[in-house]
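The values are calculated or read from the model by the stated rules, or taken from the named source; none is laboratory data. Not measured: the values here are computed from a predicted model. Every residue, glycine among them, receives a Cβ derived from its backbone with ideal geometry; neighbour counts consider all protein chains shown.
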Amino acid sequence: MSEGWQSYVRRIEELAARSGLEFHRVDFEAVPDSFMMEIAVYGLPVRMPHWSFGVRYIYQLIQRHMGHSRLFEVVFPGNPGHAYLAASNGLAENILVTAHVLGHADFARNNLLFRRCQEQVSEHIVEHAANHARQIQQAIETHGAQRVEAALDAALALEQHVDVDQPLRRERYPEFLVDPKVLVEDQFRKRFAALEPLAGGSAIEVKKRAPLPPHPERDLLWFVANYAPEMESWERDIFLAVREESFYFYPVFATQIMNEGWASYWHARLLREADFIPQQAYLDAIKCHSDVVRPVAAETQVALSINPYHLGFAMWEKIVEKNGLPAARAIMQQDDDFSFVRNQLTRELADELGLFRYSARSDGQIKVLEQDLTALHEAVLAPKYNFGAPIVCASHVRNDGTLELTHDSSVDGRGLDLERSRKVLDYLQRVWRRPIVLTTVNQAGSALELTAP
Amino acid sequence: MDEERGNRGEPSDAAQWYELFSRGARDWLRHDEKVREAVRANLPEMIAGGDVINGGARTVRVPVRMLEHYHFRLRRPEEQQGAGQGKAKPGDVFSAPGREQGQGEKGPGGRDEGEVQLLLEFKIDDIVDWLWEAMKLPNLKARVGPSEETDWIREGWDRHGARSRLDRRRSFKELVKRRAAPGATQTFIDEDLRYRQLARRRQPALHAVVFFMLDVSGSMSDRDRKLAKTFFFWVVQGLRREYRSLETLFVAHTTEAWEFNEPDFFQVSGTGGTVASTGLAKVREIIDARYNPGRCNIYLFYASDGDNSVSDAADARSALSAIAADACFTGYVEVSSGLSRQLATETGKLFAELQAAGCAAGSYALNDFEDVWGAVRHFFTAEAQAPESQAPDSP
């Protein structure tokens, strides 16, 4: 950690507060690069062990060796927030990062989606995740690594399949139908009541068991944890632990463009307005800023993906310029990426940034499509629908415990990747312990059933 | 405010430990372990290819892909739409550059990584153990031939012997027995003393010699030789499990025969016809000159395309039976890529006759790399069940 940086932290915080940012206190900690990399891999400083993180770790190592990615900071919202800075950052980088982190802290405290999810998960996700890791370590000691890994294989494979519109601690479905419609006054009941006036017709309370699930259920982690016929309690705990972490990840995922843009907008603006920063540090920091928010890699003319830092940054600049800061803050509070892009990404801005839509054929040929703003919005947002996962719902549990899953191909537009889906069913079958049937569509669009075992 | 800033920028207590352990590395190791399990499950297919054998090294390298943790995904569409940025007009067409590497992201999301291959190194000894376990191959019996190898072992007691072999416990027992009788002397006398005795015993021969004989005539292609080489490689590994010292000898023949060292043996190629008897005679000659069949186990594995010249049949037959008389096992692999003649060749007939005559012999038609394991299994099962060529002498 560079000397002198700490003296700036407070002044940047004061400047930010004067500029209207509202944030909880943030604890900064300088950590080695190796630890930064692990945070990037796991998404949380301490998280449950699983071999799939090992795979991401290898990719991350390779990328770092190729010089592709450099991580300056990772911030975890909360009260207080935790920010981890790479120990290798220089003074200028740390000044920039401090301002950036405060932008995130403001966003996490005020954005409604973030707030709702934090109310569910509490403001201490870092500690909760560490607890989950410990709890899973204990399960490994009691039940053996293999059984725990099987449960984690299944739970983490379904990590995107949660319903954040439902509370984190969600009640089970009512067991019986509230108003069994079969008991309406029909001819038979009328005559039955007439036969014996004392019996009083409707006095017999007939309960009808509700179907399971009462409606297609997309919160698969919750559903399996609550309704798997033969799951052990520690396996349910693992499913619920993964679900809780997904609740934390969802707003990070669903507001990435806004959130990174907002933080980038604020680090640029705070830096501009901070007259206490030495000239050289300011120049270095601005250079670093332009590397982060550049639209495309320096050596290429055209990028086939959009840098969320760049897009968000450009959009916020435009919004503040046109509508003023109060309006921008209102948008920041109320939107997520879907409404943000659809409402705020205008034709002029898209042209100014040179955004385009393309279609890539499987042979590698790429064709730029004609301009269509609505279609462009959807092309930007497509990878973000439904937490980035296909819509798969639990639709029925048969009397023998067979689980029926249904893929909603009418919304997703095409069927599932069959080979992968089969593997996921295999994972899930090991904790569900009864047959599983998954319905999707094949290439031709006709229904197709996958079963496990 | 200042007291609140306890850990601002200061490395906390925990930070000092960050360098010491790595959860990422732990999960990476678990991934590699899973890959190894997967490789182990598919071992015969994965390493049957000829490329795994690197001259003399005790490890093989197997290229493997990274495992994928599967999620529900949509089927890959024929045409994928996306959004990009840069100088491009509608209607522009270009070909895909290398996949863009996403930045390190938090949470689920950008996981479309490029393909990475790992090279995992396996110890050959481990592989052989796994294979023998997986294929339920029998362990060979080390045969006790008319062994001349002997060893002294302890056997029985005597009243006379060298002082160093005095058995005190036994002697004391004798003393106690004798003292039980009334009026006996209370101290040790010579009659109480017992000495351990030694006896000579025959040792099973722990030494083995394997002859690999390869037909290098013009009709044997490179691929045929590579097939033979792969097969020979695993035979050596299998025999090494049984014998503490294993010698390998390499003989190649066309119409003549030569002895080679290992590296040259697999390189050599000849022209001309096939006269198997020359090779067999060479083997016999080496046995007579250097090895005593009573002191070591002799194996012969012969790889050929089977096209032995017809006029050589009688010579080859007698040379082969001369070897079979002293060998623990003789095996014949017919390498004939493409043509599957199933041993209906001149050489094939020779070995069939030998087997019919009750000798420890076997044949196998090796047409492709996938057959290598079949061949190994065939020979090792046959060898374990083969009639004992010589009954062990009773001591």
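Condition check for A:Gly67 on (1) assigned to a loop (DSSP other than H, G, I, E, B); (2) modelled with pLDDT of 85 or more; (3) more than 10 Å from chain B (Cβ to nearest Cβ): one failure, at (2). Does A:Arg347 count as surrounded by fewer than 18 Cβ atoms within 10 Å (Cβ to Cβ), touching a helix residue (DSSP H, G or I) at 6+ places or on another chain (Cβ under 9 Å), farther than 28 Å from A:Arg116 by Cβ and away from chain B (no Cβ under 13 Å)? Yes, satisfied.
Is it the case, given these coordinates, that A:Val41 is within 8 Å of chain B (Cβ to nearest Cβ) and either within 20 Å of the chain's Cα centre (by Cα) or farther than 27 Å from B:Tyr70 by Cβ (or both)? The answer is yes for A:Val41. On the basis of being assigned to a strand (DSSP E or B) and under 25 Å from B:Ala357 (Cα atoms), does B:Leu300 make the cut? In short, yes. Selection of the range A:45-60 for residues being more than 8 Å from every other protein chain (Cβ to nearest Cβ) and in contact with a Gly (Cβ under 9 Å, 6 or more places away or on another chain) yields an empty set.
From the list A:Ser34, A:Ser7, which one is within 12 Å of chain B (Cβ to nearest Cβ), without any contact (Cβ under 8 Å) to a residue 24 or more places away in the chain and exposed (fewer than 14 other Cβ atoms within 10 Å of the Cβ)? Full working, then the answer.
On the way: A:Ser34 fails: exposed (fewer than 14 other Cβ atoms within 10 Å of the Cβ).
Answer to the check: A:Ser7.
Regarding the range A:373-388, can at least one residue be identified that is assigned to a strand (DSSP E or B), farther than 20 Å from A:His161 by Cβ and at the interface with chain B (Cβ under 8 Å from one of its Cβ atoms)? No, there is no match, as no residue in the range A:373-388 is assigned to a strand (DSSP E or B), farther than 20 Å from A:His161 by Cβ and at the interface with chain B (Cβ under 8 Å from one of its Cβ atoms).
When the residues of the range B:68-94 are filtered to those that are assigned to a loop (DSSP other than H, G, I, E, B), touching a helix residue (DSSP H, G or I) at 6+ places or on another chain (Cβ under 9 Å) and within 7 Å of another protein chain (Cβ to nearest Cβ), which remaining residue is surrounded by the fewest Cβ atoms within 10 Å (Cβ to Cβ)?
So in the range B:68-94, the residues assigned to a loop (DSSP other than H, G, I, E, B) come out as B:68-73, B:75-78, B:87-92.
Of the ones still in play, those that are also touching a helix residue (DSSP H, G or I) at 6+ places or on another chain (Cβ under 9 Å) are B:68-73, B:75.
Applying the additional criterion that residues be within 7 Å of another protein chain (Cβ to nearest Cβ) yields B:69-73, B:75.
On the way: B:His69: 20, B:Tyr70: 19, B:His71: 23, B:Phe72: 24, B:Arg73: 17, B:Arg75: 21.
Restricting to residues being assigned to a loop (DSSP other than H, G, I, E, B), touching a helix residue (DSSP H, G or I) at 6+ places or on another chain (Cβ under 9 Å) and within 7 Å of another protein chain (Cβ to nearest Cβ), the top hit is B:Arg73.
Taken over the range A:259-316, the criterion of being within 12 Å of another protein chain (Cβ to nearest Cβ), more than 14 Å from A:Glu93 (Cβ to Cβ) and among the acidic types (Asp, Glu) is satisfied by A:Glu260, A:Glu299. If you go through the range A:401-418 one residue at a time, do you hit one that is assigned to a loop (DSSP other than H, G, I, E, B), more than 9 Å from every other protein chain (Cβ to nearest Cβ) and β-branched (Val, Ile, Thr)? For the range A:401-418, residues assigned to a loop (DSSP other than H, G, I, E, B), more than 9 Å from every other protein chain (Cβ to nearest Cβ) and β-branched (Val, Ile, Thr): present.
Being without any contact (Cβ under 8 Å) to a residue 60 or more places away in the chain and either assigned to a strand (DSSP E or B) or buried (at least 16 other Cβ atoms within 10 Å of the Cβ) (or both) is the filter here; which residues of the range A:389-400 pass it? First the steps, then the outcome.
Applying the first criterion (without any contact (Cβ under 8 Å) to a residue 60 or more places away in the chain) to the range A:389-400 yields A:390, A:398-400.
If the condition is that a residue be without any contact (Cβ under 8 Å) to a residue 60 or more places away in the chain and either assigned to a strand (DSSP E or B) or buried (at least 16 other Cβ atoms within 10 Å of the Cβ) (or both), then A:Pro390 is the only one that fits.
If you go through the range A:316-337 and keep only what is crowded, with 16+ Cβ neighbours inside 10 Å and either in contact (Cβ under 8 Å) with a residue 40 or more places away in the chain or closer than 30 Å to B:Arg76 by Cα (or both), you end up with A:Trp316, A:Glu317, A:Val320, A:Arg329, A:Met332, A:Asp335, A:Asp336, A:Asp337.
Among residues of the range B:352-376 that are not assigned by TED's automatic domain parsing to the domain that holds B:Asp305, none has a beta-carbon under 9 Å from a residue that is assigned to a loop (DSSP other than H, G, I, E, B) at least six positions away or on a different chain.
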